[in-house]
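Please read the structure below before turning to the comments.
None of the figures in this text is laboratory data; all of them are computed from the coordinates on show. None of these values were measured; they are calculated from a predicted model. Here the Cβ positions follow ideal geometry from the backbone for every residue, glycine too, while neighbour counts run over all protein chains shown.
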Amino acid sequence: MLKVGLLSPFLPERDGIAIYSDNILRGLGKNKKNIIKIGRKGSNADYIVNFKSFSLKKGLENIIKKEKLSLLHIQYVPTLFGKYNLNYNLVRALKLSIPIIVTLHEVHYSTKSPRNKILANIEKQIVKKADIIIVHTPMQKDFLAKKYKTKKVICIYHGLRLNQMHKRLDNNILCFGMISTQKGVKYLIRAMKYLPDCNLTIAGKIIDKKAEKEIKQALKESKVKIKTDFNWIDEDKKEDYYKNTDLVVLPHTWAPYQSGILHNSVAYGIPVVVTRVGSLYEMAERFRFGETVTPKSSKAIVEGIKTIFRNYPKYKKGILNYRKVANWPRIAEEHLKLYKNLKINIEVKCSYQ
């Protein structure tokens with residue numbers, strides 16, 4: 001029998017990966033009974049482990065034996081497994097008694113900074129040791145396959161939990177999500193003085209002091225009225241924000257990941273303006289459900305916003321096309337197919353040994 005261990009944050013944690021994993025399970029429907037949830041303290045997981053502990057491997061091996069797991073699927077971002085241990089506890093845990101799938105929610109194209117070099121080195125070890133690597137865009141897949149000379153990378157799109165398609169209300173703009181310096185919010189605030197007919201709302205908890213200082217200064221200098229809500233936004237309030245906006249802007253300056261915010265926008269049928277950094281812009285460009293612009297440029301953001309509002313209906317086609325291939329039931333089915341195929345391949349291989 002197929003039995004999969006899913007190592008991830010789980011609800012009710014306030015974590016994007018927890019929401020992602022919950023959506024996979026929802027999409028699996030009755031098949032989710034084959035998934036054993038392995039999470040952190042405070043989550044509703046079947047088993048609790050310390051993601052940052054050097055005993056992680058031992059804890060996982062105990063669960064594997066007890067549950068007779070067929071394979072382990074790890075949802076990975078570096079911060080989940082420890083900042084100061086350089087994720088060595090996870091790298092050690094990739095040598096277990098069953099096959100391992102790792103979903104890389106970050107792919108590091110650049111190694112220019114010391115930080116990126118460290119993250120890229122961890123990525124290299126994960127790609128080398130895991131049996132299958134999942135990424136969310138074709139460009140990520142091609143990049144890793146070429147860089148590490150491997151055929152074990154596959155692309156499964158980031159899922160969409162579909163809502164009713166949005167009908168344009170006015171010129172309402174939303175910038176949403178946890179706010180750090182890498183989110184580039186100050187550039188959007190500065191852009192608003194050139195968009196007198198637009199209304200901007202910034203909603204989300206500020207998570208670093210530098211970002212807080214930058215945003216306060218930008219708001220002080222701005223001559224435009226901007227609505228702000230610098231708190232943790234629960235799911236009901238998030239839905240209200242999306243239903244009352246016409247355009248979402250992601251002005252990031254660094255983003256090696258696919259964004260839940262971007263995918264929420266498409267799920268509500270809302271076009272996006274997104275900066276060309278890391279992996280952030282790839283699906284918007286591929287499916288043409290938004291405008292991609294130069295980072296750290298208020299002028300570029302202005303042009304992107306104006307372009308969308310001038311041609312609003314044309315972005316709906318791209319949104320509809322992406323919704324067809326990236327809805328959660330379809331994405332969950334792709335995961336289930338992968339699990340079954342990997343189990344069959346391992347069983348066939350073992351029968352010949």
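A compact table of results
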read-out: Computed lengthening from LYS337 to MET1, 0.36 nm per intervening residue step minus Cα-Cα distance; value: 119.5 nm
read-out: Contour excess over end-to-end distance, with Cα ends at ASP197 and ILE118 and 0.36 nm allotted per residue; value: 24.0 nm
read-out: Least to most buried among CYS175, CYS155 (fewest other Cβ within 10 Å first); value: CYS155, CYS175
read-out: Per-residue [θ]222 nm for the chain (sum of -39500 (n - 2.57) over DSSP H runs n ≥ 4, rounded to 500); value: -13000 deg cm²/dmol
read-out: Sequence of PHE289, PHE51, PHE143 once ranked by neighbouring C-beta atoms within 10 Å, starting from the fewest; value: PHE143, PHE51, PHE289
read-out: Student exercise, region 181-296 dipole from Lys, Arg, Asp, Glu Cβ charges, in Debye to nearest 20; value: 600
read-out: Sorted by Cβ neighbour density within 10 Å, fewest at the top, the residues ILE17, ILE305; value: ILE17, ILE305
read-out: Computed magnitude of the charge dipole of the chain (debye, nearest 20; Cβ of K, R +1, Cβ of D, E -1); value: 800
read-out: Added length on full extension, which subtracts the Cα-Cα distance from 0.36 nm per residue, ASP240 to ASP142; value: 31.5 nm
